[in-house]
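J.: Quick one: structure below, then a few questions.
The values are calculated or read from the model by the stated rules, or taken from the named source; none is laboratory data. The structure presented is a predicted model; accordingly, all values stated were derived computationally and were not measured. Glycine gets a Cβ as well: all are built from the backbone with ideal geometry, and neighbour counts include every protein chain shown. Note: accessible area is taken over every heavy atom of the protein model, side chains too, but ligands, DNA and RNA are not part of it. Shrake-Rupley method; radii C 1.70, N 1.55, O 1.52, S 1.80 Å.
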Amino acid sequence: MAERVARTRSDAARNQRLLMDVAARTFAVAGLDVPVSQIVDAAGLGKGTAFRCFATKGDLVAAIVRERLYALAAQARGLVTGDPGAVVFEFVRLWSGALAEDRGLREAMDGPAPGSAGVWESYRALVDAVEALVGRARAAGAVRADVSAADLLLLVAAAVHAAVPLSGVDPAFRDRFVGLVCDGLRSGPPGTPARPAPTREELAKVWTGSERSR
């Protein structure tokens, strides 16, 4: 009996892991509008099995976001012993890359997921870890004295959002926009942008719909 229960729990954990992995990959590319039925089919699971893992799509999204934010918080904590000025901007690279490469994460952070059960705790863990980096950078004079973790997280996210529609024109726009945010965070002189500002023609490609990338 105990062996059967253990096997059942093991199967449930394996199915949940499989469903999360497939959903995370799918959402990263196509966004959160993908139906759960499509994810379940891709995972090779039955609808009943999927429902036992996650009662709602919101629960599935929340679980993925929690895991991603805790992983980013762990990465931030892993940087805390490095050069204060260098590591805070290394985390900017990690954070901007995570958002740029994962459409589902971007959409979740803009939607109800951060307020879902358990997600706020993972976001708070990320804020705390980033604040440790920012605090060391403030003390070292590498960033402005009034910069906070919230500034960094929100402004970098805004820069990524601004760059995403232009990524089909030139992926370097993300580096430009994030770099401009970093210049605003730094206490020293600004750096050199990764590329020139978007031209009217490049903006027209996005705004007229001839070149879009989400």
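J.: Return one whole number: the accessible area per residue of the chain in Å², for a 1.4 Å probe. Working shown, then result.
T.: Values: 11370 Å² over 214 residues.
For the chain, the per-residue accessible area is 53 Å².
J.: Under a GNM of the chain (C-alpha, springs under 10 Å), which listed residue has the highest mean-square fluctuation: ALA139, ALA23, ALA62?
T.: ALA139
J.: Using Cα springs under 10 Å in a Gaussian network model of the chain, which residue among PRO189, PRO165, PRO35 shows the largest mean-square fluctuation?
T.: PRO189
J.: Continuing with this model, one more query. Go ahead and estimate [θ] at 222 nm for the chain from helices alone: -39,500 (n - 2.57) per DSSP H run with n ≥ 4, summed, over the residue count, rounded to 500. Walk me through the numbers on the way to the answer.
T.: Numbers: 10 runs with 150 residues, N = 214.
-23000 deg cm²/dmol, from helical runs alone.
J.: Can you give the FRET efficiency to the nearest 0.05 for ASP83 and ASP41, using r as the Cβ-Cβ distance and R₀ = 35 Å?
T.: 0.15
J.: Express in % the proportion of alpha carbon pairs of segment 84-214 at distances exceeding 27 Å. Walk me through the numbers before you get to the answer.
T.: Values: 2096 of 8515 pairs.
So the portion of pairs separated by more than 27 Å is 25 percent.
J.: Additional query: How high is the FRET efficiency from ASP128 to GLU107, r the C-beta distance, R0 25 Å, rounded to 0.05? Could the numbers behind the result be given before it?
T.: On the way: r = 24 Å, r/R0 = 0.97.
In this case the efficiency is close to 0.55.
J.: Just name one of ALA42, VAL29, THR192: the one whose Cα is farthest towards the positive end of the charge dipole of the chain (beta-carbon charges, Lys/Arg +1, Asp/Glu -1).
T.: ALA42
J.: Using only the alpha-carbon atoms, how far is helix 57-78 inclined from the longest principal axis of the chain? Give it as 0 to 90 degrees, nearest 10.
T.: The answer is roughly 50 degrees.
J.: Can you pull the percent of the chain's accessible area that's carbon plus sulfur, 1.4 Å probe, other chains left in place?
T.: Within the chain, the accessible surface is 56 percent carbon and sulfur.
J.: Further question: For labels at LEU94 and GLN75 in the simple 7 Å Cα→Cβ model, what's the distance in nm?
T.: According to this spin-label approximation, the distance is 0.6 nm.
J.: Can you work out the base-10 log of I(q)/I(0) for segment 21-165 at q = 0.20 1/Å, using the Debye formula on its C-alpha atoms alone?
T.: Taken in order of the listed q values, log10 I(q)/I(0) reads -1.16.
J.: Just ASP59, ASP146, ASP170 to compare: in a GNM of the chain, with alpha carbon springs under 10 Å, which one fluctuates most?
T.: Looking only at ASP59, ASP146, ASP170, the largest GNM fluctuation is found for ASP146.
J.: At what distance in angstrom do the alpha carbon centres of segment 144-214 and segment 30-69 lie from each other?
T.: 31
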